[in-house]
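For reference, the structure discussed in these notes is given below.
The values are calculated or read from the model by the stated rules, or taken from the named source; none is laboratory data. Keep in mind the model is a prediction, meaning the values are calculated, not measured. Here the Cβ is made from the backbone with ideal geometry for all residues, glycine too, and neighbour counts use every protein chain on show. Side chains are part of the model used for accessible areas, which takes the heavy atoms of the whole protein and leaves out ligands, DNA and RNA. Shrake-Rupley method; radii C 1.70, N 1.55, O 1.52, S 1.80 Å.
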Amino acid sequence: MYLEIVSPEATLFAGEVTSVTVPGINGEFQMLKDHAPIVSLLQDGKVKISGNISLEREYASKFSKDADGNTVLPISSGTIELKNNKVIVLAD
């Protein structure tokens, strides 16, 4: 599935991923390919991305790797929309 992570400054990531885990306001949840459409608010936490991730050099410092090898982006809040295997995260 395709993921875009957009912040007020720029598009931090855009590309194909295997899964995305986000800190929803009612708890963390994961989305995989062919997930049902969803719109949700996000809270303070980490967006975890799995797959063969290639980051733009200028934004790579915002991301880290966790113990499971996922690429992680800390956020303070945001919104997520998933529809037709395209995920858009608007993150602060």
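Name the one entry in F29, F13 that is out of contact with any Leu (no Cβ under 8 Å at 6 or more places or on another chain) and at pLDDT 95 or above. Please lay out each step first, then the result.
On the way: F13 fails: out of contact with any Leu (no Cβ under 8 Å at 6 or more places or on another chain).
From the options F29, F13, the qualifying one is F29.
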From the options I53, I49, residue that is assigned to a loop (DSSP other than H, G, I, E, B) and among the β-branched types (V, I, T): I53
Condition first: in contact with a strand residue (DSSP E or B) (Cβ under 7 Å, 6 or more places away or on another chain) and open to solvent by 60 Å² or more (accessible area, probe 1.4 Å). Now tell me which residues in region 20-31 satisfy that. I25, E28, Q30
Close pairs (8 angstrom Cβ cut-off, 6 or more residues apart or separate chains): over 11 Å from I80 (Cα atoms) in region 16-29, hydroxyl-bearing (S, T, Y) and surrounded by fewer than 14 Cβ atoms within 10 Å (Cβ to Cβ) anywhere: E16/Y2; V17/Y2
Being among the β-branched types (V, I, T) and either out of contact with any Ser or Thr (no Cβ under 8 Å at 6 or more places or on another chain) or over 20 Å from K65 (Cβ atoms) (or both) is the filter; apply it to region 1-19 and report the residue that is surrounded by the most Cβ atoms within 10 Å (Cβ to Cβ). V6
Of the conditions (1) aliphatic (A, V, I, L, M); (2) without any contact (Cβ under 8 Å) to a residue 40 or more places away in the chain; (3) over 18 Å from E16 (Cα atoms), the single one that I75 does not satisfy is (2)
In region 32-65, which residues are open to solvent by 90 Å² or more (accessible area, probe 1.4 Å) and more than 17 Å from L82 (Cα to Cα)? D44, K46, N52, S54, E56, R57, E58, S61, K62, K65
Can you tell me how many residues in region 42-72 are closer than 17 Å to S19 by Cα and either of a type in the set (S, T, N, Q) or in contact with a helix residue (DSSP H, G or I) (Cβ under 7 Å, 6 or more places away or on another chain) (or both)? 6
